[in-house]
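**Q** The structure that follows is given in the form of structure tokens.
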Amino acid sequence: GEAGVEASLVGFHANYSSLTGDDLKIAKDFVKILREDFAFYKGTFEVASESKTPEINSSPNYDKLKSTGITFAGNVTFRKDGVLYANVQLHDVNAGKVALLKDALVTESKLRPSAHEMANALFKTVTGKESVFESQITFVCDKGSRGDNIVKELYIMDFDGKNVKRLTNHGGVVMSPAISQNRKKILYSLIQQTRSKSRNNNLYVLDMDSGNSSIVSSRSGINSGAVFMPGDKSIALTLSHTGNAEIYEINLASKEIIGTLTKHSAPDVDPSVNVDGSKLAFLSGRANKAEIYIMDLPGRENNTKRISYVGKFNATPRFSPDGKELAFSSWLDNRFDIFRIGSDGHNLVRLTKDFGSNEDPTYSNDGQFIAFASQRVLSRTEAVQNVYIMTRDGEMIGQITEGLGNCQSPRWTK
């Protein structure tokens, strides 16, 4: 919500009258997810307690509802017809009308996707915009590491940290995932655990439908930091096979180099491309330390502009969905903190402070939230890194990974 604009009060009343046992539990969980999803947008929505939400029949008394302060009243009725269905009515109290009427199939296996889909439909009815409720976050964790044998694998979870699945089982070190626009493929780099000294950093692509991974680039040196170009047909990545790290574009199907996007004697790494493919953000050592530069695409070195001047050096620039700003991390006071800056280099905002070391920001699909990795020191010998979410203004929503070891490199689905 904008400053000074009050959050809409949303109420959900549920009727569980005919349910028992497992059905009752699943129905209550369904309503709980609806409530928690709306509460996630705390500047926009406040969720009324269930006791404060009056029961709503098919022709509600809108004046009476208005006196409760509720702006949007949801009524959830369950019916058992072989399987369990939820019928959701959403009433726009001020307009005095039904805004949405929708059914959902509520089975144990489909409970979360079904509830998030319903919450998204309700959210869209109220705001006219998409929510984060059906989005996911891919990330890397070191669960399963033993002593010096560090193993990092790729995982995916729902935006709220639930429904965690492991996607790879290489027994090596997975790094820098990136997900395609259509969510069908994930790029990542891998350093295999081999006995030989020549452990190369190779680029793989995971096919989400089949679960299979295949090599995209195993040129000598670095094959990393890959991101999808608009349309998912080609990728931008850092290669160092010529001796100097530059950013290239590669055709995903043929694996051939289409062209080089940067050309400079200093190393250029960590590309991020805006949604229409007109701008490339990257890190470069041109100023003798890692700073963020922006270039118009197709790449022309003469229109490259440095936009970051904060901290000792910077890392992981990431465009917002609308391309108007970037989030990045900067080394300051012996740790990383996260900043936001306009893609024109103006309006620098510091988003984290006094909250461990924070890196790897990634914007939600609607641009309203940023997920990031934060390392909290627990004692002199122990620290743990987890994925957290904050609003784009730096208001903490909370930690969403737990018990997976050290987690890093979150990437939100488009």
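The values are calculated or read from the model by the stated rules, or taken from the named source; none is laboratory data. Keep in mind that what you see is a predicted model, and the values were worked out from it rather than measured. Neighbour counts run over all protein chains shown; Cβ positions are idealised from the backbone, glycine included. Protein only, heavy atoms only, side chains kept; ligands, DNA and RNA dropped before computing areas. Shrake-Rupley method; radii C 1.70, N 1.55, O 1.52, S 1.80 Å.
**Q** Among the residues of the stretch 361-369, are any assigned to a strand (DSSP E or B) and touching a residue at least 60 places away in the same chain (Cβ under 8 Å)? Please lay out each step first, then the result.
**A** Going residue by residue through the stretch 361-369, those that are assigned to a strand (DSSP E or B) are 361-363, 369.
The next check asks that each one be touching a residue at least 60 places away in the same chain (Cβ under 8 Å); those that pass are 362, 369.
Yes: the stretch 361-369 contains one or more residues that are assigned to a strand (DSSP E or B) and touching a residue at least 60 places away in the same chain (Cβ under 8 Å).
**Q** I'd like to know if the stretch 79-89 contains one or more residues that are modelled with pLDDT of 90 or more, out of contact with any helix residue (DSSP H, G or I) (no Cβ under 7 Å at 6 or more places or on another chain), closer than 12 Å to residue 9 by Cα and aliphatic (A, V, I, L, M).
**A** Among the residues of the stretch 79-89, not one is modelled with pLDDT of 90 or more, out of contact with any helix residue (DSSP H, G or I) (no Cβ under 7 Å at 6 or more places or on another chain), closer than 12 Å to residue 9 by Cα and aliphatic (A, V, I, L, M), which makes the answer no.
**Q** A follow-up question, please. List, please: which pairs have Cβ atoms under 9 Å, are six or more places apart or on different chains, and start with a residue in the stretch 110-129 that is closer than 16 Å to residue 160 by Cα and among the acidic types (Asp, Glu) and end with one that is in a helix (DSSP H, G or I) and open to solvent by 20 Å² or more (accessible area, probe 1.4 Å)?
**A** Pairs found: none.
**Q** Another question, if that's okay. Restricting the first residue to the stretch 200-214 and requiring it to be closer than 9 Å to residue 189 by Cα, which pairs with a second residue that is hydroxyl-bearing (Ser, Thr, Tyr) and buried (at least 21 other Cβ atoms within 10 Å of the Cβ) meet a Cβ separation below 6 Å and a spacing of at least six or different chains?
**A** Between residues of the stretch 200-214 that are closer than 9 Å to residue 189 by Cα and residues that are hydroxyl-bearing (Ser, Thr, Tyr) and buried (at least 21 other Cβ atoms within 10 Å of the Cβ), the close pairs are 201/189; 201/224; 203/189; 203/217; 204/188.
**Q** Tell me, please, whether a residue that is in a strand (DSSP E or B), among the polar types (S, T, N, Q) and within 23 Å of the chain's Cα centre (by Cα) can be found in the stretch 297-319.
**A** Checked against the condition, which is being in a strand (DSSP E or B), among the polar types (S, T, N, Q) and within 23 Å of the chain's Cα centre (by Cα), the stretch 297-319 yields at least one hit.
**Q** Within the stretch 318-335, work out how many residues are at pLDDT 95 or above, open to solvent by 10 Å² or more (accessible area, probe 1.4 Å) and over 15 Å from residue 272 (Cβ atoms).
**A** The total comes to 1.
**Q** Quick one: count up the residues across the stretch 123-157 that are touching a strand residue (DSSP E or B) at 6+ places or on another chain (Cβ under 6 Å) and of a type in the set (Phe, Trp, Tyr).
**A** Of the residues in the stretch 123-157, 2 are touching a strand residue (DSSP E or B) at 6+ places or on another chain (Cβ under 6 Å) and of a type in the set (Phe, Trp, Tyr).
**Q** Something else: As an exercise: evaluate residue 307 against (1) at pLDDT below 95; (2) open to solvent by 20 Å² or more (accessible area, probe 1.4 Å) and give the number of the one condition it does not meet.
**A** Just one mismatch for residue 307, condition (2).
**Q** Still on this structure, please answer the following. For the stretch 169-184, name all the residues that are crowded, with 20+ Cβ neighbours inside 10 Å and either basic (Lys, Arg) or assigned to a strand (DSSP E or B) (or both). Break it down into steps so the answer makes sense when it comes.
**A** To start, the set of residues in the stretch 169-184 that are crowded, with 20+ Cβ neighbours inside 10 Å comprises 174, 176-180.
Within the stretch 169-184, 174, 176, 177, 178, 179 meet the criteria.
**Q** Considering only the stretch 103-144, state which residues are surrounded by 17 or more Cβ atoms within 10 Å (Cβ to Cβ), farther than 22 Å from residue 47 by Cβ and of a type outside the set (A, V, I, L, M, F, W, C).
**A** 136, 138, 142
**Q** Select from the stretch 331-354 the residues that are more than 20 Å from residue 376 (Cβ to Cβ), not in a strand (DSSP E or B) and not polar (S, T, N, Q) and list them in ascending order.
**A** Matches in the stretch 331-354: 344, 345, 346, 348.
**Q** Output the strands (runs of 3 or more DSSP E) that fall wholly within the stretch 1-102 and possess 1 or more residues being open to solvent by 90 Å² or more (accessible area, probe 1.4 Å), or say none. Can you show your working first?
**A** Working: elements: 8-15, 45-47, 72-81, 83-92.
Qualifying strands (runs of 3 or more DSSP E): 45-47, 72-81.
**Q** Filter the stretch 376-405 for residues that are in contact with a strand residue (DSSP E or B) (Cβ under 8 Å, 6 or more places away or on another chain) and part of a loop (DSSP other than H, G, I, E, B) and give the result.
**A** Step one: of the stretch 376-405, the residues in contact with a strand residue (DSSP E or B) (Cβ under 8 Å, 6 or more places away or on another chain) are 376-378, 383-394, 396-402, 404-405.
Scanning the stretch 376-405 gives 378, 392, 393, 394, 400, 401, 402, 404, 405.
**Q** Looking at the stretch 144-168, which of the residues that are farther than 30 Å from residue 30 by Cβ and in a loop (DSSP other than H, G, I, E, B) is nearest to the chain's Cα centre (by Cα)?
**A** Top of the filtered list is 168.
Per-residue answers, yes or no, for (1) of a type in the set (Gly, Ala, Ser); (2) buried (at least 22 other Cβ atoms within 10 Å of the Cβ); (3) in contact with a Phe, Trp or Tyr (Cβ under 8 Å, 6 or more places away or on another chain):
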position: 243; (1), (2), (3): yes, no, no
position: 250; (1), (2), (3): no, yes, no
position: 262; (1), (2), (3): no, yes, yes
position: 286; (1), (2), (3): no, no, yes
position: 316; (1), (2), (3): no, yes, yes
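**Q** Considering only the stretch 93-125, state which residues are at pLDDT 95 or above and of a type in the set (S, T, N, Q).
**A** 114, 120, 125
**Q** In addition: Within the stretch 363-385, can you find the residues that are open to solvent by 10 Å² or more (accessible area, probe 1.4 Å) and in contact with a Leu (Cβ under 8 Å, 6 or more places away or on another chain)?
**A** Listed by number, the list holds a single entry, 384.
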